[in-house]
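Student: I'd like to ask you about the structure that follows.
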Amino acid sequence: MHAVVTVTGKDKKGIIAEVSRFLAEKNANIEDISQTILGEYFAMIMLVDISGIQEELSVLAKECAEMGKQIGMSVHVQHEDIFNAMHNI
Amino acid sequence: MFNKFDVLETINMVEKEHLDIRTITMGISLLSCIRATAKETADAVYDIVCKKAENIVKTAADLSGEYGIPIVNKRVSVTPVSLITAGFPEEAPLIGRALDRAAHTLGIDFLGGYSALVHKGTADYEEKFLRTIPETLATTERLCSSVNVGSSKSGINMDAVRQMGEIIKETARLTEKNDGLGCAKLVVFCNAVEDNPFMAGAFHGVGEADTVINVGVSGPGVVEHALKSIPDADLTEVAETIKRTAFKITRAGQLIAKEASQRLGARFGIVDLSLAPTPARGDSVAAILEEVGLESVGTHGTTAILAMLNDAVKKGGVMASSRVGGLSGAFIPVSEDIGMIEAAEAGKITLDKLEAMTCVCSVGLDMIAISGSTSASTISAMIADEAAIGMVNNKTTAVRVIPAPGKKVGEWVNFGGLLGRAPVMPVHESSAEKFISRGGLIPAPIHSFKN
C-alpha cells in the first residue's frame, strides 16, 4: 500500500531531513522522491510504502500535517488511489 | 502512473478551489419496521437507522483523512414515511421525531424521507400524512421532507399541488421565529428520483436494495478555476474543459463511494454528478456562468450557458463513474450561492429567469425567499409551473420556496450554514386562485405513451 507525501512551502535548510526522519520513525519506507525549487518555493513529492506503519493512515496524515506546521511547511499525506482515480483512465 | 503536476493539481483543488465530496448518504429501507402501532414502529425505525448507519460518521472521517478530500455532509435517507405509517397516518410525527433523534444520536447532518409519493393520486392515508408535515418539521431539527406531486408518466396531481401550497404556508407559520426555516427542509418534486443523495429531497425508493451508499460530489470552484485558465477560448473548448474537470471530480466521488460502501457493509448505489454551490466565495455556480462571459447571472445568455454547463458536467461524469444517478447536473439554489445572492440583491435575477433556467438544469426553484404574505394558491401555481416543466421535459424539477413570515420584498432571511441567506424576491401579484381551486389531474403529455 502506498501513500503520496507532498511537501510545499518556502525553501530552507533541512526540510528533506526532517520529513524523512519523521517517516522513518513511523516505519514508512520512501520509494521515490521528486523535488524542485521554483524561485523560493520548495515542492517535494514522495511515494511512500506504508504497509509497515502501526497507525491508521488518517492518523498519520494528521500527524504529518502537524509536523509540517512545526517546520513551517504544508505537508499532505494521501492514499495513492485518489491520484490514480482522478488522473488515470 | 500520475505525475507531480497531477498531485499538485489535486491538492490545489482541495485547498484553493473548494473541491469536496458534498455528501455520503446512506439509503435505508424501513419496510421491515412496520408494526401494529405508531409507538412500536417508531422504536423499530430508531433502532434500524442507528444500527445500519452506526459507523457512517467515523468512516467518512477516515476516508477524508486517508484521501485528503473533505467530506462535508453525512446523511441518511429512508423509505417514504407515508408508506410505513399508512395504518396510523395521524401519528406519523412520532416516527418523524424518532428519525430526528436517530440523526442526533448518529451525529449526521440531515435525514431525509419524511415523504410521500402522490403523483397520480392522493390516498386517504397520504392526505392525512401530508397534514402532519408542518408540525413535524417544526418539532424536529435535522429531518427533511419531500412530496412528489407529478411525473412525466402520470401527469400532475393538482389536488396535491393545491394542498402543498397550504402546507408550505403552514410550515412557514410554525417556524416563523427562524424566518420559516421549516420550508428549507421541504421540497415539492415532479419526477422525484429514488436515489438522490442531496437534501432536502433525498428519500430511499422502494425499488432500491436494503441499504445503499449514494455519494454526491461537488466542485463549482474547480470548474470556475479551470475556466479562468482559458479566458479567450471558444465555447467548444469551454465545454470540453468543463467535461474534463467534471471527470476528475467524479472519479474522486466514485472512489469514495466504492470504499465507503465496502466499509459500511452497504451496496454501492450511485454517484450524483452535481455541481452544488455553498454560500462561500469561490464555490458558486453563478460564478461559473459569469466566468464564461456574463456581467451578472440572470441576464440574457444565462440559460444557454447553464444548458451547456449542465450537459458537459453529465458527459464528463458519466465517463468517470460506473453508476450514475440522483439529480446529476448543476444546482441553482439562490440562498446557497454567493453569486445568486448578490444578483438577487441587485435585482439582476428574477423568479421568471430562474424558472427558465430550471428547464435546462437539475432541480428547480430552490431556496428562494418570497414575501410571507404570498398566498397559498400563488405558491401552488409556482409548483404547478415547475411540475409542468419537469413533466413535459422528462426531468426532475422541484420547488423549495420560503414564504418568510412578516418579511417583505428586499428584506433578508438568514438560515446560516450551508442553507445560507437570501433577499426576499418579488412574485407576480395577479391571482391564480381559480386555476388552483379547480383541482383534478393535469394529464400526462402525449409523448409519455411509449409502450
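The values are calculated or read from the model by the stated rules, or taken from the named source; none is laboratory data. Source: prediction; values computed, not measured. Don't worry about glycine lacking a Cβ; one is built from the backbone with ideal geometry, like all the others, and counts go over all protein chains shown. Just the protein is used for accessible areas: all its heavy atoms, side chains included, with ligands, DNA and RNA removed. Shrake-Rupley method; radii C 1.70, N 1.55, O 1.52, S 1.80 Å.
Student: Taking a ≥ b ≥ c as the square roots of the Cα gyration tensor eigenvalues, with a/c under 1.5 meaning rounded and otherwise prolate when a/b beats b/c, else oblate, which class fits segment B:369-451?
Tutor: Working: a/c = 3.58, a/b = 1.69, b/c = 2.12.
Because a/c hits 1.5 or more and a/b fails to exceed b/c, segment B:369-451 counts as oblate.
Student: May I pose another question? Give me the summed buried accessible area for the A-B pair, 1.4 Å probe, to the nearest 100 Å². Present the calculation step by step, with values, prior to reporting the outcome.
Tutor: Working: alone 5600 and 17780 Å², together 21120 Å².
In total, chains A and B hide about 2300 Å² from solvent.
Student: Give a quick list of GluC sites (Glu not before Pro) in segment B:266-303 that DSSP marks as loop, anything other than H, G, I, E or B, with at most 11 other Cβ atoms within 10 Å.
Tutor: For GluC sites (Glu not before Pro) across segment B:266-303 that sit outside H, G, I, E and B with at most 11 neighbouring Cβ atoms in 10 Å, the list reads B:Glu295.
Student: Next question, about the same structure. How big is the equivalent ellipsoid of segment B:232-295 along its three axes, where each semi-axis is √(5λ) from the Cα gyration tensor, reported in whole Å from largest to smallest?
Tutor: So the equivalent ellipsoid measures 30, 15, 7 Å along its semi-axes.
Student: What is the gain in length, in nm to one decimal, between B:Thr299 and B:Asn178 on full extension, counting 0.36 nm per residue of separation less the C-alpha to C-alpha distance?
Tutor: Numbers: separation 121, 0.36 × 121 = 43.56 nm, distance 3.18 nm.
Here the segment from B:Thr299 to B:Asn178 would lengthen by 40.4 nm.
Student: Using 1/(1 + (r/R0)^6) with R0 = 41 angstrom and r between the beta carbons of B:Ala356 and B:Asn55, what's the FRET efficiency to the nearest 0.05?
Tutor: The value I calculate is 0.40.
Student: Which percent of the accessible heavy-atom area of segment A:2-87 goes to carbon and sulfur, probe 1.4 angstrom?
Tutor: On the way: 2070 of 4130 Å².
Using a 1.4 Å probe with all protein chains present, segment A:2-87 comes out at 50 percent carbon and sulfur.
Student: With +1 on each Lys and Arg Cβ and -1 on each Asp and Glu Cβ, how big is the dipole of segment A:2-87 about its Cα centre, in debye rounded to the nearest 20?
Tutor: Numbers: 7 positive and 13 negative charges, 81 e Å.
Here segment A:2-87 has a charge dipole of around 380 debye.
Student: Got a sec to turn the phi values of segment B:390-395 into Karplus ³J(HN,Hα) couplings, 6.51 cos²θ - 1.76 cosθ + 1.60 with θ = phi - 60°, whole Hz, x for Gly and Pro?
Tutor: With the stated coefficients, segment B:390-395 comes to x, 4, 6, 9, 6, 9 Hz.
Student: Could you work out the mean count of beta carbons from other protein chains within 10 Å of each residue's beta carbon in A:69-78?
Tutor: 2
Student: Also: In nm, give the distance between the simple-model label positions of B:Phe449 and B:Asp43, each being 7 Å from the Cα along the Cα-to-Cβ direction.
Tutor: Modelled inter-label distance: 5.3 nm.
Student: Also, quick follow-up: Taking a ≥ b ≥ c as the square roots of the eigenvalues of the Cα gyration tensor of segment B:305-451, is the shape rounded (a/c under 1.5), prolate (a/b larger than b/c) or oblate?
Tutor: It comes out oblate by the Cα gyration axes.
Student: Next question, about the same structure. For an R0 of 35 angstrom, estimate the FRET efficiency from the Cβ-Cβ distance between A:Asp32 and B:Arg281 and round to the nearest 0.05.
Tutor: After rounding, the FRET efficiency stands at 0.40.
Student: For segment B:143-184, taking Cα atoms only, what is the radius of gyration to one decimal and the Dmax to the nearest whole Å?
Tutor: For segment B:143-184, the Cα radius of gyration and maximum Cα-Cα distance read 12.4, 40 Å.
Student: Here is a follow-up. With a probe of 1.4 Å, find how much accessible area the protein assembly as shown has per residue, and write the answer as a whole number in Å². Before the final figure, lay out each step's value.
Tutor: On the way: 21120 Å² over 540 residues.
Each residue of the protein assembly as shown exposes 39 Å² on average to a 1.4 Å probe.
Student: Still on this structure, please answer the following. Quick one: Karplus J couplings for segment B:16-24, per residue in order, coefficients 6.51, -1.76, 1.60, θ = phi - 60°, nearest Hz, x for Gly and Pro?
Tutor: So the J values, rounded to whole Hz, are 10, 10, 6, 5, 8, 8, 6, 7, 10.
Student: Something else: Please check segment B:46-73 for residues whose accessible area, probe 1.4 Å, is lower by 10 Å² or more when all protein chains are in place than in their chain alone.
Tutor: Buried on complex formation: B:Lys58, B:Asp62, B:Gly65, B:Glu66, B:Tyr67, B:Gly68, B:Ile69.
Student: Report Rg (one decimal) and Dmax (nearest whole number) for chain B, counting Cα atoms only, units Å.
Tutor: Final numbers for Rg and Dmax: 20.8, 66 Å.
Student: At a cut-off of 40 Å², which residues of segment B:9-40 become less accessible once all protein chains are present than in their chain alone, using a 1.4 Å probe?
Tutor: Buried on complex formation: B:Thr10, B:Ile11.
Student: Given a 1.4 angstrom probe, I'd like the percentage of the accessible area of segment B:313-413 that is carbon and sulfur, rounded to a whole number.
Tutor: The value for segment B:313-413 is 54 percent carbon and sulfur by accessible area.
Student: Mind checking which lysines have their Cα closer than 28 Å to the Cα of B:Lys58? Skip sequence neighbours fewer than 8 apart in that chain.
Tutor: Straight-distance partners of B:Lys58: A:Lys26, A:Lys62, A:Lys69, B:Lys16, B:Lys74, B:Lys185, B:Lys248, B:Lys258.
Student: While we're here: Quick one: how many lysine pairs does segment B:276-410 have with C-alpha atoms less than 22 Å apart and a gap of 8 or more or different chains? Give me the count, please. Please report the intermediate quantities before stating the final value.
Tutor: On the way: B:Lys314/B:Lys395; B:Lys315/B:Lys395; B:Lys348/B:Lys407; B:Lys348/B:Lys408; B:Lys353/B:Lys395; B:Lys353/B:Lys408.
Lysine pair count for segment B:276-410: 6.
Student: How many nm is it between the label spots at A:Gln54 and B:Lys434, if each spot is 7 Å from the Cα in line with the beta carbon?
Tutor: Between A:Gln54 and B:Lys434, the simple spin-label model gives 8.2 nm.
Student: Using a 1.4 Å probe over the heavy atoms of the protein chains, calculate the carbon and sulfur portion of the accessible area of segment B:1-66 as a whole percent.
Tutor: Roughly 54 percent, rounded to a whole number.
Student: Just from its helices, what would the mean residue ellipticity at 222 nm be for chain B, if runs of 4 or more DSSP H residues each count -39500 (n - 2.57) and the sum is divided by every residue, rounded to the nearest 500 deg cm²/dmol?
Tutor: Rounded to the nearest 500, it is -13500 deg cm²/dmol.
Student: To continue, here is another question. Let me know the Kirkwood hydrodynamic radius for chain A, please, with Cα pairs as the basis and the value in Å to one decimal.
Tutor: This gives a value of 13.3 Å.
Student: Just the C-alpha atoms of the protein assembly as shown: what Rg/Rh do they give, with Rh taken as the Kirkwood radius?
Tutor: Ratio of gyration radius to Kirkwood radius: 1.00.
Student: May I ask you to work out the translational diffusion coefficient for segment B:288-346 at 25 °C, viscosity 0.890 mPa s, via Stokes-Einstein with Rh from the Kirkwood sum over Cα pairs, reported in whole µm²/s?
Tutor: 193 µm²/s
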